[in-house]
1. Which entries of B:K10/B:K95; B:K19/B:K42; A:K399/A:K469 have Cα-Cα distances beyond 19 Å here?
2. Where in the range B:1-19 does accessible area fall by at least 20 Å² between the isolated chain and the complete protein assembly, at a 1.4 Å probe radius?
3. Measuring with a 1.4 Å probe in the full set of protein chains, what accessible area per residue, in whole Å², belongs to the range A:406-456?
4. Leaving out ligands and nucleic acids, note down the accessible area per residue over the range A:203-264 with a 1.4 angstrom probe, in whole Å².
5. A:L182's amide H: which non-local residues (gap 5+, or another chain) put their own amide H closer than 5 Å, with H modeled 1.01 Å from N in plane and none for Pro or chain starts?
6. What pairs in A:K183/A:K259; A:K183/B:K85; A:K77/A:K183; A:K226/A:K445 have C-alpha atoms more than 27 Å from each other?
7. Provide the buried accessible surface between chains A and B in square angstrom, both chains summed, 1.4 Å probe, rounded to the nearest 100.
8. Return one number: the angle in degrees, 0 to 90 and rounded to the nearest 10, between the long axis of the Cα atoms of helix B:137-151 and the longest principal axis of the Cα atoms of chain B.
Amino acid sequence: MGSEDDVGNLIDVDSGDDDYDDGNSDIPMSSMNSDEEYDFITKDPADIDLLTSQRTQKDYTILKDEDIRRRQEDDIKKVASVLSVSRGAAIILLRRYNWRVSTVHEEWFADEEKVRNAVGLQENPPILQISPDEDVSCGICFESYSFPAGIRAAACGHPFCRTCWRGYICTAVNDGPGCLMLKCPDPSCNAAIGKDMIEDLVAPEYKEKYCRYLVRSYIEDSRNIKWCPAPECECAVEFVVGSGSSDVICSCSYGFCWKCSEEAHRPVDCDMVAEWILKNNAESENTNWILSYTKPCPKCKRPIEKNNGCMHMTCRTPCGFEFCWLCLGSWFEHGRRTGTCNDFRTEEERKFDESERREMARKSLVRYTHYYERWAANQSSREKARRDLHHMQAVQLVKLSEIQCQPETQLKFISDAWLQIVECRRVLKWTYAYGYYLPENEDTKRRFFEYLQGQAETGLERLHMCVEKELNTYLEAAEPSNDFNDFRAKLTCLTGVTRNYFDNLVRAIENDLADVDSVGACSETSSKIADGSSNQ
Amino acid sequence: MQASRARLFKEYKEVQREKSADPDIQLVCDDSNIFKWTALIKGPSETPFEGGVFQLAFSVPEQYPLQPPQVRFLTKIFHPNVHFKTGEICLDILKNAWSPAWTLQSVCRAIIALMAHPEPDSPLNCDSGNLLRSGDIRGYQSMARMYTRLAAMPKKG
């Protein structure tokens, strides 16, 4: 659990961090020399702990299966006791109003009759008053049964035999979540069939299935609870709508955006993520490549890539068509007429447009590839870092603790470093999508963005390298290393510095790089750095 | 299987007893298979189907009455909710609004009601639906009447 909480801290940066970051929020760290950076971070490591603890204010709650069931049960009890109705009726009412207890109360006390009619909980006297031991005909199989042994009816009184009820309910449960709104089988009757009656009549497997639908409905109909989208995770996340960041980390450690259910993507917004994912999935980029580098065979229309040689092209068998690469005319006609196609024709202009279009398509493809490669590389690097983190926690930590004679609790800084890397890779990945969509004509913004991104990336690479490579020296050592404390200090520093770089980058992007608009932003920030560091 | 057979047998006996209960509907069970039925229904009055007699084919599933019977027109009919070629019928009670308390007899009544009150917004026969939706009632009625005369009335002479 501890490590999961930590991930949460990293994400929730905007909830409680203002007091910590105020002084240096606009500082591009690069303008300090490196000694100063380390100084500034290491001076008071307690500060960092303080900061992490402040960041634990969460805007969301993870609900496990038992939590969900307990909450649902509480809501049902509340409604049942306030309205003095049965549990079954309370469930029907809650479902109708998307499990909002307050809405149920409001609607009910505003116009009870209307609500009863809408959900099928009428209090009319039953259609059929059956006296005991009378024979009654079932409305489905038309057989006669003695009452009450063989016959059941909902509040409306329409009589059906137990076997037919069972068949009716099981069919509905098998058909899906619609069984939660089951009505009396009589076509003209809208009396609701509640959970109590269903549990009384059907086999356990159907009861269970019905209950699962009920739990699902509790989550899926609710506005502020969603399932965690990770495969095989059964948790749900309740979100305080209106709070800052919508990034959420489930207890299964999967991070996702509460708004769009995609993987967590701060600082980039949901629309951009959707567009980027669509772009990555779409065949459009392949098409673009084919357009830029190939021409269709004039006969069979298969795309052909010309990789070298002369203009005399021969399409693959079975087509085998021979043509000129330049004018796409048949090679034989071509040769017979002039031997070449160098004579200028009005078509030439059209062809020029064509080549210009190809060039543009090629350029846009190269541009996309640049960003996509970096996006994807950071993605896989992040996955690797996650695996490394787990390996470190499961295997290396014990070993290192033995070799270096350090209690495991004092090695937390290594986990922190890895967690920072995992988070930074994620942010960095999305900044490449951001970079792709940053308008090309916004030159100042672009340079500012690339500057911040570059700084962050450099910091991250240093950190990643340090924990990946240097740690090995201490793992392979035969006896406690003298400089292990130096390593600790260095790694802690790098972690802090990298976090700062990324905080700046995230803030700048969330601000839509607005800082470049203020004149002399650069000089201002550099003077702030001096203040900031001296204050520490 | 047993339940559906028993229930169909009940319906069969009911039909035999009440033969004249509804003069517009004549339900007949297949001689050798209780899961196959045909019905002859009269086109409702004051509709373009008036005067016609339409044949329906019922195919009853083993899960009946928990599952609805499959019904189609054997007689050609020009109606927005009936497929012009296959005779398939688009009617909610034959799909998701089915209730096991319906019977073959009540399905026939529902189909007669559908003939009188077409639902042009969910058409199986788009030509017919479009005529109604564009407000060309005369066009719809004369087409429907023509097909009634061609397919659903005894040939003269």
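The values are calculated or read from the model by the stated rules, or taken from the named source; none is laboratory data. All figures in this text were calculated on a predicted structure; none of them were measured in a lab. No Cβ is skipped: glycine too gets one built from the backbone with ideal geometry, and neighbour counts run over all protein chains shown. Please note that ligands, DNA and RNA were not included when accessible areas were found on the heavy atoms of the full protein model with its side chains. Shrake-Rupley method; radii C 1.70, N 1.55, O 1.52, S 1.80 Å.
1. Details: B:K10/B:K95 23 Å; B:K19/B:K42 15 Å; A:K399/A:K469 16 Å.
In this structure, B:K10/B:K95 exceed 19 Å between Cα atoms.
2. Relative to the lone chain, where solvent access is computed with a 1.4 Å probe, the range B:1-19 loses at least 20 Å² at B:R7, B:K10.
3. On the way: 1880 Å² over 51 residues.
Accessible area per residue: 37 Å².
4. On the way: 3020 Å² over 62 residues.
Accessible surface, normalised per residue, equals 49 Å².
5. Here the answer is A:I193, since their amide H atoms fall under 5 Å of that of A:L182.
6. Values: A:K183/A:K259 35 Å; A:K183/B:K85 36 Å; A:K77/A:K183 23 Å; A:K226/A:K445 37 Å.
Beyond 27 Å between Cα atoms: A:K183/A:K259; A:K183/B:K85; A:K226/A:K445.
7. Numbers: alone 28380 and 9110 Å², together 36560 Å².
Roughly 900 Å².
8. For B:137-151 against chain B, the angle is about 50 degrees.
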